[in-house]
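Scroll down for the structure; my scribbles are underneath it.
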2 protein chains.
Amino acid sequence: MADIMKVDQIQMRLLEEVADLHEVPAGAYNIRANGQLAGRVNSANIEIVSKEDGTGIDIHIKPGTKRESVHIPVVLSQSGLTEMVYNDFYIGDDADVVIVAGCGIHNGGDKDSEHDGIHRFFLGKNAKVKYVEKHYGEGDGQGKRILNPGTEVTMEENSYMEMEMVQIKGVDSTKRNTTANLAAGAKLIIRERLLTHGSQDAVSGFVVNLNGDGSSANVISRSVAKDDSSQTFLAEINGNAKCAGHSECDAIIMGNAKISAIPKITANNTDAALIHEAAIGKIAGEQLIKLMTLGLTEAEAEAQIVNGFLK
Amino acid sequence: MADIMKVDQIQMRLLEEVADLHEVPAGAYNIRANGQLAGRVNSANIEIVSKEDGTGIDIHIKPGTKRESVHIPVVLSQSGLTEMVYNDFYIGDDADVVIVAGCGIHNGGDKDSEHDGIHRFFLGKNAKVKYVEKHYGEGDGQGKRILNPGTEVTMEENSYMEMEMVQIKGVDSTKRNTTANLAAGAKLIIRERLLTHGSQDAVSGFVVNLNGDGSSANVISRSVAKDDSSQTFLAEINGNAKCAGHSECDAIIMGNAKISAIPKITANNTDAALIHEAAIGKIAGEQLIKLMTLGLTEAEAEAQIVNGFLK
């Protein structure tokens, strides 16, 4: 694959981490490496076009496109690179597609590397999207690995979107902002998984506006904060119509970490039904002891519980 | 009773509403009517002293005082009266007392009537307090009935406080602020019940700091917003030690009301276990229909459900 697309071995490994890419992906794709286009393929139904001002790409998915996928991973292996990218997805009526994004940073130098990506999704009527976004950092340098993703979702009548947003390892600082506006009958599911360690800092914010009758949203966040890391979770659901909203934030705290969960549910309509749940706690001692009696060390037992929790 | 204490018939009715007083209370009391002292009695163990600067009263409860009560209701029947009062409660070690506060406003005029009361509680080691606070408004005047209570609680080791804070009717505008700091082993239970109607506006905020090992807090809010009223509920629990915190906000929305719930749980210690739950919704249709088949009108059925919910 590294032959076909202009990526080196480090970038190849990052692509595996963030987009599960071991070979050239099926379907349309656009790969960005160190700020440059490293490979692009369109399909009959999916067209990827660079923005004229060079700030990002537009992805046009034709109405009625079924069971196709788009991969648009970004990798940075050059220390000190800072970039801001705007990607817009236009998903036609009745389309049913999978979109895989993600960003991997290898920083072996002393300068900070930063990728700020703004993704905007426009879902047509009855369109269905599964969106997967993974963030990953590695490298021994003193330079920080910074990722600030912004996601804006506009959902027309009866559209459906499922988002999986994962940050598993190595990102020093992240500010995540996701905003969604739902028309009548639209349904949004967000699953976020976040792990911070060392002295990492993560802020994750969601604002979901349920504007149309019959719209619904389910925001589920699971996170683990280890060592001296800190996390802030903000989830806002506004019920402006006959709608249903649920948000849930479960967090495991370890070491000297700090976690804050600040949900906000607002009913501006009598027919809005909104629920929020949040829990922060450490791993229960009994769970650890149980696994340790099976022969695991305490560290192994913790790792197994954390992996299960974030799965 | 109106003979013994300097209160008139309107004030007498207000006292019944906010302090369940039909006669002179047993135990110590201090009754404030239209900004003036209308009656005061001390007991052997409980001494009520006016502050020298006239801004309020200090209530001293001797260590070891058992099964005594203090009533300190406030009534306003003069339109346009605005007052700010500071009351400080010093509860000695091992004391076990009931404190009943509350404020009733009758506003028959066109000017706003406002009572802002700041209550500070200092609980000694092992002290136990049950605190009841009721707010009530009435009167046909155009003037608003405004109540802004501030409550600050400082709890020493192994002290216990149970707070019942109720605002059932007729208060046009309220900003409630409650802050508590808990030392090791201290336990705080807050039950809030709030009903807003017409174009009323209520903001209720809690900040609970669990500073000592073994401290715990349970904040339970139930509210109903009718007509064009609006409510905002803010609950913040900070876990700074090995502690347990739970906050729960259930709200029924009716008419064109608006309700916002913004909890915040923060674990600054790995041994803090914090949980929050919130739910906003309207009365389920099936519940109404069930009561209506028993012969109630829709309005009667709604009233019965609301009363049960706020009980």
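Quick look at the numbers
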item	result
Segment A:27-100 versus segment A:191-231: alpha-carbon centroid distance in Å	24 Å
Stokes-Einstein D (µm²/s) once Rh is taken as the Kirkwood radius of segment A:1-171 over alpha-carbon pairs, at 10 °C in 1.306 mPa s	99 µm²/s
Cα-Cα P(r), chain B, percent of pairs per 10 Å interval	6, 26, 32, 25, 10, 1, 0
Antiparallel DSSP beta bridges within chain A, as percent of all bridges there, nearest 5	5 percent
Estimated dipole of chain B in Debye, rounded to 20 [Cβ of Lys and Arg +1, of Asp and Glu -1, Cα centre]	340 debye
Ranking of B:LYS242, A:LYS311 by count of other Cβ atoms within 10 Å, fewest first	A:LYS311, B:LYS242
Charge dipole (debye, nearest 20) of the protein assembly as shown; +1 at Cβ of Lys and Arg, -1 at Cβ of Asp and Glu	480 debye
Likely footprinting exposure, A:THR151, B:THR293, fewest C-beta neighbours within 10 Å first	B:THR293, A:THR151
Convex hull per residue volume in Å³, alpha carbons only, for the protein assembly as shown	201 Å³
Anchor A:LYS242: lysines whose Cα lies under 27 Å away (excluding residues fewer than 8 positions away in-chain)	A:LYS125, A:LYS128, A:LYS130, A:LYS187, A:LYS264, B:LYS226, B:LYS258, B:LYS264, B:LYS282, B:LYS290
Helix-only [θ]222 nm of chain B, DSSP H runs n ≥ 4, -39500 (n - 2.57) each, per residue, nearest 500	-3000 deg cm²/dmol
Residues B:SER215, A:SER113, A:SER79 arranged by fewest to most Cβ contacts within 10 Å	A:SER79, A:SER113, B:SER215
Residue of B:GLN200, B:GLN142, B:GLN11 that the Gaussian network model of chain B assigns the largest fluctuation, springs spanning Cα pairs under 10 Å	B:GLN142
Choice from A:GLY137, A:GLY214, A:GLY281 with maximal GNM fluctuation in chain A (Cα, 10 Å cutoff)	A:GLY281
Dipole in debye (nearest 20) - segment B:1-171, about Cα centre, beta carbon charges: Lys, Arg +1; Asp, Glu -1	140 debye
Length-normalised contact order of segment A:1-171 in % [C-alpha pairs under 8 Å, at least 6 apart]	19 percent
Förster radius 25 Å - calculated FRET efficiency between A:GLN36 and A:ILE10, Cβ distance, rounded to 0.05	0.95
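Rule-based calculations on the coordinates, nothing more; no lab input. None of these values were measured; they are calculated from a predicted model. Counting neighbours? That spans all protein chains shown, and the Cβs are built from the backbone with ideal geometry, glycine included.
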